[in-house]
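To start, the structure itself, in structure tokens.
The values are calculated or read from the model by the stated rules, or taken from the named source; none is laboratory data. No experiment lies behind these values; they were computed from the predicted model shown. Heads up, the Cβs are rebuilt from the backbone with ideal geometry, glycines too, and the neighbour counts pull from every protein chain shown. The accessibility values were calculated without ligands, DNA or RNA, using every heavy atom of the protein model including side chains. Shrake-Rupley method; radii C 1.70, N 1.55, O 1.52, S 1.80 Å.
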Amino acid sequence: MHERSSVGELAEQLRRELDCYSPGGKLPSSRALVERFRVSPVTVSRALAQLSAEGLVVTRPGAGAFRARPHAVAEPAGDTSWQEVALSADGVAELVPRTVDASGVTVSLTTPPPGVLEFNGGYPHPSLQPERAMAAALARAGRRPGAWGRPPLDGLPELREWFARGIGGAVTAAEVLIAAGGQAALATALRALAPPGAPVLVESPTYPGMLALARAAGLRPVPVPVDPDGVRPDLLADAFRATGARVFVCQPLFQNPTGAVLAPDRRAEVLRIARAAGAFVIEDDFVRRLVHADSGPLPRTLAADDPDGVVVHVGSLTKATSPSFRVAALAARGPVLERLRAIQVVDSFFVPRPLQEAALELVGSPAWPRHLRALSAELKTRRTTMATELALHLPELALPHIPSGGYHLWLRLPDGAGGASQAFGSGGESALTAAALRNGVALTPGRPYFSAEPPAAHLRLSFAAVAGVGEITEGIRRLRVACDEAL
Ligand SMILES: Cc1ncc(COP(=O)(O)O)c(C=O)c1O
């Protein structure tokens, strides 16, 4: 059995049995628990630690574990309803009211209920994560001299150097800051580049977590359509003219959700248009390391082709490792770097040094290139399986583009014009999502990816968060049933 679930099960069993002991009474020894439940000593100690964190058990080194004594006086419940007034009152003076809505982010971070297949996940399944290499890297990092000391505020120089080499072009380590994951780097960049109330150009559709960040910063996202070749330069130029925006957020590689790659002839055009508008391009390079096997050479980063400091580059390690490996690069050239640095230090000081040391250990180990090769091959197999199963069993869902990187497919539902497919309008999108969940498969509806009215109903299906191709086949079967129900 998986270590994590056996810890949870043992903790649950002990929780149920706690009433058998008087408050302050001693629980059986760890050895007795190991023998009785046939689990490892590590499982026992983690289950006890969980109960201790819940305040149900007290552990005393050398003496054992004891049932906690209840608090003598219940804490007063309090009345927090005043906050509803306080949190809304600031809208009165604001041009663009701040809305803080985490749903677009939490959807890819929460674990679905047991038995539900995770077609909505935003990170690789544990079996695709380099778990052993990460554990070894963390152990080695912990033993490095000064591992628990303060790191340089901009990040460890060797790690900045490593990211700079990956970004390419003339980018140097001095132009790279280490950030706590792509999300934090995007937040810093948006706040550094646009004052509250300002418009910010975004691709349409785009990553809901970025839209949420923009809105939480009081910015006004303005959509610019994406086609299979990436953002449309003609409409980008129009949008700059119409809004006077100073920022455009772009994912040139394996865009989330469409999987589009910005076409070679559009790359220079996007930079030229932004430069002419006096605007920055935030390049969200979130899945560079998730290219599928046999896809040919990867395009360079936009930052590598930008000597003039138009691009603020964000590149993260999480998607190729684990959502908990929150290490990313925020790179920029020119005076803007100082602004980014100041905001990051004020907000969060620095990324914990042990994690930075572990990142260096990981990417420098022989296991790293091996992991990336295996990930790339497995993602290709999964993508092919999902696309084939969809074509066979759900031909009414259009798959306009098969991506050569990333971890998801973007499907267009039949137009709402007439007949049975009426149910697939934007309301049908949520009906289908709900029917899918009832049938044991969690997927992501398209609506949150659009900052304004969507042109059609869509679904995003992720193939990285499930356990393997068997779950992909089964998930598509369940989705077929859900479609028949929702029609
Ligand atoms: C397009 C895009 N950018 C950035 C992120 C943030 O990722 P992280 O903070 O884990 O690096 C995500 C996560 O799903 C994403 O999809």
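What to note about this one:
- Hey, T243 open to solvent by 40 Å² or more (accessible area, probe 1.4 Å) and modelled with pLDDT of 95 or more or not: yes
- Screening A304 on (1) assigned to a loop (DSSP other than H, G, I, E, B); (2) away from the ligand (no atom under 16 Å from the Cβ); (3) of a type in the set (G, A, S) shows it passes everything except condition (1).
- Residue check for P124: within 19 Å of F325 (Cβ to Cβ) and either without any contact (Cβ under 8 Å) to a residue 24 or more places away in the chain or within 16 Å of the ligand (Cβ to nearest atom) (or both): yes
- Applying the condition of being of a type outside the set (A, V, I, L, M) and under 11 Å from the mean Cα position of the chain (by Cα) to the range 95-109 and asking which residue is nearest to the ligand (Cβ to nearest atom) yields S108.
- With respect to being closer than 26 Å to T111 by Cβ, free of Cβ contacts under 8 Å to residues at least 12 places away in the same chain and more than 35 Å from the chain's Cα centre (by Cα), R38 fits the description.
Let's see how each residue does on (1) assigned to a strand (DSSP E or B); (2) farther than 23 Å from F240 by Cα; (3) touching a Leu at 6+ places or on another chain (Cβ under 6 Å):
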| site | (1), (2), (3) |
| --- | --- |
| E269 | no, no, no |
| P297 | no, yes, no |
| R300 | no, yes, no |
| S324 | no, yes, no |
| L330 | yes, yes, yes |
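- Take the conditions (1) touching a helix residue (DSSP H, G or I) at 6+ places or on another chain (Cβ under 9 Å); (2) more than 30 Å from P130 (Cβ to Cβ); (3) aliphatic (A, V, I, L, M); L235 misses just one of them, which is (1).
- Meets criteria (open to solvent by 10 Å² or more (accessible area, probe 1.4 Å), more than 16 Å from the ligand (Cβ to nearest atom) and in contact with a strand residue (DSSP E or B) (Cβ under 6 Å, 6 or more places away or on another chain)) for L298: yes
- For the condition of a type in the set (F, W, Y) and either open to solvent by 20 Å² or more (accessible area, probe 1.4 Å) or closer than 19 Å to A274 by Cα (or both), F248 qualifies.
- If the condition is being farther than 17 Å from K319 by Cβ, part of a helix (DSSP H, G or I) and open to solvent by 50 Å² or more (accessible area, probe 1.4 Å), then the range 365-417 contributes R370, T381, T384, T388, A391, L392, H393.
- Qualifying residue in the range 211-234 (condition: over 26 Å from H408 (Cα atoms) and without any contact (Cβ under 8 Å) to a residue 60 or more places away in the chain): yes
- For the range 198-237, residues that are closer than 25 Å to R289 by Cβ, away from the ligand (no atom under 13 Å from the Cβ) and of a type in the set (G, A, S) total 1.
- Pairs with Cβ under 8 Å, 6+ apart, first in the range 292-310 and within 25 Å of T385 (Cα to Cα), second loosely packed, with under 14 Cβ neighbours inside 10 Å: A293/R373; A293/A377
- For the range 178-197, the tally of residues that are open to solvent by 20 Å² or more (accessible area, probe 1.4 Å) and either within 12 Å of the ligand (Cβ to nearest atom) or at negative phi (or both) stands at 8.
- If the condition is being modelled with pLDDT of 95 or more and within 20 Å of V270 (Cβ to Cβ), then the range 170-181 contributes only V171.
- Members of the range 130-167 found to be small (G, A, S) and exposed (fewer than 14 other Cβ atoms within 10 Å of the Cβ), listed by number: A135, A139, G142, G146, G149
- Residues located in the range 222-238, provided they are over 24 Å from P445 (Cβ atoms) and surrounded by 23 or more Cβ atoms within 10 Å (Cβ to Cβ): L236
- In the set (1) small (G, A, S); (2) within 16 Å of the ligand (Cβ to nearest atom); (3) open to solvent by 40 Å² or more (accessible area, probe 1.4 Å), G259 fails one condition alone, (3).
- Against the test of being of a type in the set (A, V, I, L, M), within 16 Å of the ligand (Cβ to nearest atom) and open to solvent by 10 Å² or more (accessible area, probe 1.4 Å), the options V291, V311, V281 yield a single qualifying residue, V291.
- Among the residues of the range 101-121, those that are over 14 Å from Q183 (Cβ atoms), in contact (Cβ under 8 Å) with a residue 60 or more places away in the chain, open to solvent by 50 Å² or more (accessible area, probe 1.4 Å) and not acidic (D, E) comprise S103, G115.
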